[in-house]
Amino acid sequence: MLLNGGGMGGGLHSDVGGNPELAPFQAQLQALNACIIEYGARRGVARHRWLGSSKYVSVSHCDGPSASSVSISVPEELQSRKVAFAMKRSSRSAAWKVLVDKEETSFPDLKQSLQQLAPLLVEKYPEELANAVQRRADSERAQQEYKDAERSRKEAAKNSYTE
C-alpha cells in the first residue's frame with residue numbers, strides 16, 4: 001500500500017497524531033513491535049480501488065521485511081465503516097503519526113475507534129505476531145526439508161544405475 005508520494009494510499013495524508021486527545025491511545029500502542037497499523041476501507045492510489053476493511057486491523061512489525069504483517073479480527077460491535085486511518089512510525093521508539101483523510105473520517109469517530117481498538121491490539125497483536133513468526137519458520141523448515149529430500153532422492157536415483 002502506498003502513501004501519497006511514499007506511503008499508504010488514498011488520501012490518508014493528514015497527520016493528526018499531535019492531537020493531545022489521541023496521546024493515550026498512542027501511549028497504549030507504543031510498546032508494540034509494530035511500525036504500521038492500518039484500519040478501515042479507503043480509496044487506493046488508483047481512486048477506483050479500495051484498500052483495507054473495517055473487519056480487521058492490519059499490523060506490520062518493525063523488525064524484518066516490511067511486507068510481513070498480521071491481521072487482527074475486529075469484533076463486529078467494534079467495527080466502523082466511518083473510520084479509516086493509518087498509524088506509522090519509523091521504529092519502536094519513534095512517535096506515531098496518525099494519518100487520516102479529514103474529508104472522510106471525523107475526529108470523534110477516529111477517537112472512538114482508537115479507544116476501542118488500542119486495547120484489542122495490545123491484547124491480540126503479540127500472540128498473532130508470534131503465531132505468524134512460527135508459521136513462517138515452520139514453512140521455511142518444511143521447504144528446506146523438501147529440498148533436502150528431493151536432493152537425496154535425485155542423488156539416490158543417479159547412483160542406482162550400475163556402470
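Could you identify the single residue in Ala118, Ala157, Ala130 that is open to solvent by less than 50 Å² (accessible area, probe 1.4 Å) and without any contact (Cβ under 8 Å) to a residue 60 or more places away in the chain?
Exactly one of Ala118, Ala157, Ala130 is open to solvent by less than 50 Å² (accessible area, probe 1.4 Å) and without any contact (Cβ under 8 Å) to a residue 60 or more places away in the chain, namely Ala157.
Working only within the stretch 79-112, note down all residues that are in a helix (DSSP H, G or I) and surrounded by fewer than 16 Cβ atoms within 10 Å (Cβ to Cβ).
Selection gives Phe107, Pro108, Gln112.
Checking Glu163 against (1) open to solvent by 60 Å² or more (accessible area, probe 1.4 Å); (2) in a helix (DSSP H, G or I), which test does it fail?
The failed condition is (2).
Condition test on Gln115, is it closer than 26 Å to Ala84 by Cα and part of a helix (DSSP H, G or I)?
Yes, satisfied.
Look at Val133 and say whether it is closer than 24 Å to Asp63 by Cβ and either touching a helix residue (DSSP H, G or I) at 6+ places or on another chain (Cβ under 7 Å) or not in a helix (DSSP H, G or I) (or both).
Against the criterion (closer than 24 Å to Asp63 by Cβ and either touching a helix residue (DSSP H, G or I) at 6+ places or on another chain (Cβ under 7 Å) or not in a helix (DSSP H, G or I) (or both)), Val133 does not qualify.
With the structure loaded, tell me whether Leu22 is modelled with pLDDT of 90 or more and in contact with a strand residue (DSSP E or B) (Cβ under 9 Å, 6 or more places away or on another chain) or whether it fails that test.
Yes: the conditions hold for Leu22.
Can you name the condition, by its number, that Lys111 falls short on among (1) touching a helix residue (DSSP H, G or I) at 6+ places or on another chain (Cβ under 7 Å); (2) farther than 30 Å from Val16 by Cα?
So the condition that Lys111 fails would be (2).
Looking only at residues that are basic (Lys, Arg) and not in a strand (DSSP E or B) in the stretch 33-75, which one is modelled with the lowest pLDDT?
Checked the stretch 33-75; the qualifying residue modelled with the lowest pLDDT is Arg49.
The values are calculated or read from the model by the stated rules, or taken from the named source; none is laboratory data. Just so we're clear, the structure is a prediction, and the values are computed from it rather than from any experiment. Here Cβ is always computed from backbone atoms with ideal geometry, including for glycine, and neighbour counts include all displayed protein chains. Protein only, heavy atoms only, side chains kept; ligands, DNA and RNA dropped before computing areas. Shrake-Rupley method; radii C 1.70, N 1.55, O 1.52, S 1.80 Å.
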